[in-house]
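Structure record follows, encoded as structure tokens.
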Amino acid sequence: HMIDVGCVAEALLLDGPPRLRMVLIRAFDGCDTDLLIEWLPMLVATHDLGKISAAFQGQQKSKSTLCQRERLTAQGVVFKPTTIKDLYHAEISAVWIDRNLAKAETGTPLRFVWTIRDAIGGHHGQFAERGVMALEKRIRETEGIGANGTAWDAHRKDAYDLLRQLFTPKGNLKDIDIPR
């Protein structure tokens with residue numbers, strides 16, 4: 001799904017209505033728009049990194065999600081009782097972006113990280129009411145993240161790396177800046 005969404009974003013940015021590019025250029029006025037257009041499909045694709053989480057994968061809303069959870073449990077994935085409560089996958093994506101984008105793409109300006117974080121965190125129109133630190137604490141409680149992280153955290157990083165490899169944006173995010 002993340003790859004599909006990134007490809008749709010790429011198609012819209014390259015061949016879609018000119019108005020879309022104009023709106024983005026205006027919203028990010030002052031930054032290198034060619035670099036922005038190069039990177040947006042990959043960044044848009046990261047919107048569902050939060051589905052790679054105990055909270056999302058631990059849902060038991062339907063027979064198919066119950067089967068998915070049973071399959072993961074059989075492979076040694078542990079779900080705490082609090083797993084399915086009070087964590088939305090977009091919030092987990094936003095926390096991942098906040099905590100890892102500048103590490104993965106060295107030198108990325110923080111204003112840009114925050115803009116992408118907030119867009120991804122609200123991609124279903126529901127924005128986080130809690131701050132990043134509170135959300136990160138909740139994720140740690142749910143996934144048992146210690147000093148070395150967890151398998152979920154490693155899987156999110158692997159997914160990011162795969163998206164980065166598939167979309168291969170040129171240039172460096174350190175060269176993007178959003179004016180104040």
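The values are calculated or read from the model by the stated rules, or taken from the named source; none is laboratory data. Keep in mind that what you see is a predicted model, and the values were worked out from it rather than measured. Here Cβ is always computed from backbone atoms with ideal geometry, including for glycine, and neighbour counts include all displayed protein chains. Side chains are part of the model used for accessible areas, which takes the heavy atoms of the whole protein and leaves out ligands, DNA and RNA. Shrake-Rupley method; radii C 1.70, N 1.55, O 1.52, S 1.80 Å.
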Go through 39, 133, 8 and say which Cα lies farthest out towards the positive end of the charge dipole of the chain; charges sit on Cβ, +1 for Lys and Arg, -1 for Asp and Glu.
133
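Taking all protein chains in place and a 1.4 Å probe, what share, in percent, of the accessible surface of the chain do carbon and sulfur account for?
About 56 percent, which is the carbon plus sulfur part of the accessible surface.
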Over the stretch 1-72, give the accessible area per residue in Å² for a 1.4 Å probe, as an integer.
55 Å²
For residue 29 and residue 1, compute 0.36 nm times the residue count separating them, minus their Cα-Cα distance, and round to one decimal in nm.
7.1 nm
Go ahead and estimate [θ] at 222 nm for the chain from helices alone: -39,500 (n - 2.57) per DSSP H run with n ≥ 4, summed, over the residue count, rounded to 500.
-19000 deg cm²/dmol
In debye to the nearest 20, the charge dipole size for the stretch 1-84, taken about the Cα centre with +1 at each Lys and Arg Cβ and -1 at each Asp and Glu Cβ, equals 680 debye
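Which order do 113, 8, 77 take when ranked by solvent-accessible area (1.4 Å probe, heavy atoms of all protein chains), largest first?
Details: 113 0, 8 85, 77 40 Å².
If we order 113, 8, 77 from most to least accessible, we get 8, 77, 113.
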Looking only at the stretch 117-139, which residues have a backbone nitrogen under 13 Å from a spot 7 Å from the Cα of residue 104 in the C-beta direction?
117, 120
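Calculate the FRET efficiency for residue 111 and residue 20 from the Cβ-Cβ distance with a Förster distance of 25 Å, rounded to the nearest 0.05.
Working: r = 22 Å, r/R0 = 0.89.
Efficiency, rounded to the nearest 0.05: 0.65.
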Where only alpha carbons of the chain are counted, the Rg and the Dmax (Å):
17.0, 51
Once you have the Cα-Cα distance between residue 77 and residue 137, take 0.36 nm times their residue separation minus that, and quote the gain in nm to one decimal.
19.6 nm
Taking the Cα centre of the chain as the origin, how large is its charge dipole in debye, to the nearest 20, when only Lys and Arg (+1) and Asp and Glu (-1) carry charge on their Cβ atoms?
560 debye
Picking from 74, 114, 176, whose Cα lies most toward the positive end of the charge dipole for the chain (charges on Cβ: Lys, Arg +1; Asp, Glu -1)?
74
